[in-house]
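Here's the structure we're looking at; comments come further down.
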Amino acid sequence: MKLPTEIFRDFTVLRIPLRQRFRGIDYREVALFQGDAGWSEFSPFLEYGAEESRTWLKASLDAAYKPWPTQFRSEIPINATLPIVPVDQVSRVLSRFTGCTTVKIKVDDFEIGAGLVEETLKIIPNAKVRLDVNGGWNLAQARTYIGQYLERFGEVFEYIEQPSHSLNDLRELKRDGSVKIAVDEAIRKNLSAPMESLRNAADIAILKWQPIGGFEAAHILADRIGLPVVISSALESGIGISHNLVLAASFEKLDYACGLGTISLFESDICEPPVVAKNGLLEVKRVVPDPELLKKYQAAPERVEWWSNRVTEIFESEGFREELA
């Protein structure tokens, strides 16, 4: 099977270094292409199989060929994102998120995480802090660590994101009522589940443009969940971030800063100017990749072939094109 280049025009694969390891990776590989509406991005993580990546490709084609949804704002407030780094690197990381006063901090436990929170509050004393656990705790650990964080730092925490993978654990934590609970993996890893049940397990829904399946799919999902939303990135390039910004702007009510400043974790964006925060805000607009940056971060031929085969496998799979209609 050959990549249908009449659909995926100017298909380009990039390999962009990260400034420090994030989510266990040092480089981000993404595929870009053009459709009738402009540039789009397909970038499921390398370990994702065809079935999970199928939803990402639907979102990519949706953005490439359909008009953007109605917009309710032209700028989106964003949070800074702090990976698990040595404390002496916190200032350098946060300096890239100009004007951001909400900070999402990746944590595994209390001891190391507390050092990151403490240093963050030294640098941004009025910061709203979000802890992102990526489902890493069981119920007992979550109760212990949350209690320790609250005892040490008080009411600085806006919410804790996905403290456990278990919905039963999340229900218990929400029932405790000590801090708001946000869910990410519980949504995007379980898209066929009865989402209405999340109201008993969480206070906030994290939605991501690609993993959810695009603009329309995200709104349908948000209506089913019935919780306030935060739009967050899946570590995309500036092309993908622009579509996440459009999704954020398409919600009439947006109560929280969004997690869309992750270009600051890359060595460079592939757009010029880069899609990075100014005064804690990102502008909602269509962007295009810079030819010189495309050339600089062009992936090796074998990686281009790998991504081409990945896209083609999904696009030619049974029922996929019918689902796009």
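No value in this document is a laboratory result; all are computed from the given coordinates. What you see is a predicted model, and the numbers here were worked out from it, not measured in a lab. Positions of Cβ are generated from backbone atoms using ideal geometry, with glycine treated the same way; all protein chains shown enter the neighbour counts.
Listed values, structure above:
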item	result
Cut-off under 5 Å, modelled amide H: who pairs with residue 9 long-range	34
17 Å cut-off, amide nitrogen to a point 7 angstrom out along residue 65 Cα→Cβ, residues in the range 214-258	214-217
Backbone HN-Hα couplings from phi across the range 8-17 [Karplus 6.51/-1.76/1.60, Hz, Gly and Pro as x]	9, 6, 6, 4, 9, 10, 10, 10, 10, x
Fewest-first ranking of 324, 293, 247, using other Cβ atoms within 10 Å as the exposure measure	324, 293, 247
Residue 2/residue 50 FRET efficiency (R0 25 Å; Cβ-Cβ; nearest 0.05)	0.90
Computed [θ] at 222 nm, helices only, for the chain once each DSSP H run of length n ≥ 4 contributes -39500 (n - 2.57)	-10500 deg cm²/dmol
Under the Karplus curve 6.51 cos²θ - 1.76 cosθ + 1.60, θ = phi - 60°, whole-Hz ³J(HN,Hα) for the range 250-267, x wherever Gly or Pro sits	8, 8, 4, 10, 9, 8, 10, 4, 9, x, 10, x, 6, 4, 5, 8, 8, 4
Paramagnetic reach from residue 253 (point 7 Å along Cα→Cβ, amide N under 19 Å) across the range 142-175	159
The range 75-289: relative contact order in percent, alpha carbon pairs under 8 Å with at least 6 residues between	23 percent
Residue order, fewest to most beta carbons within 10 Å, for 104, 66, 295	295, 66, 104
Ranking of 307, 137 by count of other Cβ atoms within 10 Å, fewest first	307, 137
Computed label-point distance, nm, for sites residue 196 and residue 84 using a 7 Å Cα→Cβ extension	3.8 nm
Virtual paramagnetic centre 7 Å along Cα→Cβ of residue 324, amide N under 17 Å, in the range 8-48	8-12, 31-44
Long-range amide H partners of residue 81 with built H, under 5 Å	104
For the range 198-317, size of Cβ-based charge dipole, Lys and Arg +1, Asp and Glu -1, in debye	220 debye
Neighbour-limited loop hits for GluC sites (Glu not before Pro), the range 13-106 (at most 13 other Cβ within 10 Å; DSSP other than H, G, I, E, B)	47
Relative contact order (percent, whole number), the range 1-134, Cα cutoff 8 Å, 6+ residue spacing	15 percent
Above-threshold pairs, the threshold being 25 Å between Cα atoms, out of 122/189; 58/208; 122/253; 104/174	122/189; 122/253
D (Stokes-Einstein, µm²/s), Kirkwood Cα radius, the range 75-289, 1.002 mPa s at 20 °C	123 µm²/s
Modelled FRET efficiency - R0 51 Å, residue 172 with residue 295, Cβ distances, 0.05 increments	0.45
